[in-house]
Each structure stands twice: as structure tokens, then as C-alpha cells.
1. Quick one: go through the range 37-67 and flag any residue whose amide nitrogen is under 20 Å from the point 7 Å out along the Cα-to-Cβ line of E98.
2. Pulled fully out, how much extra length does the chain show between Q91 and Q107, if you take 0.36 nm times their separation in residues and subtract their Cα-Cα distance?
3. Considering the zone a paramagnetic label at K39 would reach in this model (a point 7 Å from Cα along the Cα-to-Cβ line), which residues of the range 83-106 have amide N under 18 Å from it?
4. Would you mind working out the accessible area per residue for the range 27-112, using a 1.4 Å probe, and quoting it in Å²?
5. For the peptides 52-61, 94-103, what is the packing order when you average, over each peptide's residues, the other Cβ atoms within 10 Å and list the highest mean first?
6. Going by average Cβ neighbours within 10 Å, how do the peptides 30-37, 114-121 rank, with the highest at the top?
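The values are calculated or read from the model by the stated rules, or taken from the named source; none is laboratory data. Keep in mind that this is a model prediction, so the values were computed, not measured. Methodologically, a virtual Cβ is constructed for each residue, glycine included, from the backbone with ideal geometry; neighbour enumeration extends over all protein chains shown. Keep in mind that these areas ignore ligands, DNA and RNA; they rest on the heavy atoms of the full protein, side chains included. Shrake-Rupley method; radii C 1.70, N 1.55, O 1.52, S 1.80 Å.
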Amino acid sequence: MKQNKKLGQKNKTGAIGEQIAAQFLKERGFSIVEANYIKKWGEIDLVARGNKVMRFVEVKTVSYETKQDLKSAISRGTYRPEENVHFKKIQRLNRAIESWIQENKYQGNWEIDVIAVRIVPRERYATVNFLPNAVIG
């Protein structure tokens, strides 16, 4: 039972991170084309258009209890959410991207970006690390 609660919290944290990432992109002139494109073989968190390039964005979010905890983790260089974009994740992402491109008959340039979000929900605080063209498919 505890695992379900933990999974629910993880999903909630991820959803908050995706909202923050979408807002971050919009504020920088990107338009969100799609969110949470899901196939059995993979998922794309955000599809955004900007600078004549379609961007497939993987959002990784981690939550902290306080701003101090977050600042401490950053200063020690501990756990960076973007490090969770591992080989298997990239494979699944590439398969989902292939499906999206085919379904939408997209023929332009595209990139895979990573957005790492660190949040402190209780204090309504977040940091965003945008890594454009971070993954070479």
C-alpha cells in the first residue's frame, strides 16, 4: 500500500515539473504542441515548437522539503534529475518520437531537450535547468 502512495506522489511531482517546464518554454517564446504523448513503447513529456525546430522535451523533476535542502543538494553536487535520462529512457523516447513524427507527418528539424526541475512544493519554489539538444538520438 505504501508503494502506491509513493508512486502517486512521484506522479504528482512529475506533473508539477511538467507544468513548470511548459511555462518556462512558453516564457521563452516556444509554443507547446502537445503534452504527455504516450504510446506503449514510450512517452514524450512535452512537444514544443521554437526557432523552426520541433523540440521533444524530457522533463525530470525532483522534490525537496525546503529551499535549504535544495540549496544544500546543489552545493554538494548531489543528485541531478537530468542524470536520470539513461540509455533505456532514450531508446523509449526515440521510439515515441518516431511515432509522433509519423502520425503528425512532420518533416522538419527536431531536437531532444531535457529540462531538469527541482521543486519545493511547500514553499512554491522551483529551479529549472534547460539543456537544449541534450540527447543525440
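1. In the range 37-67, the label zone of E98 (backbone N under 20 Å from the point 7 Å along Cα→Cβ) covers 37-47, 54-58.
2. Additional length available on full extension: 3.7 nm.
3. Inside the label zone: 88-106.
4. Counting only protein heavy atoms, the per-residue value for the range 27-112 is 61 Å².
5. Those peptides, ordered most packed to least, come out 52-61, 94-103.
6. 114-121, 30-37
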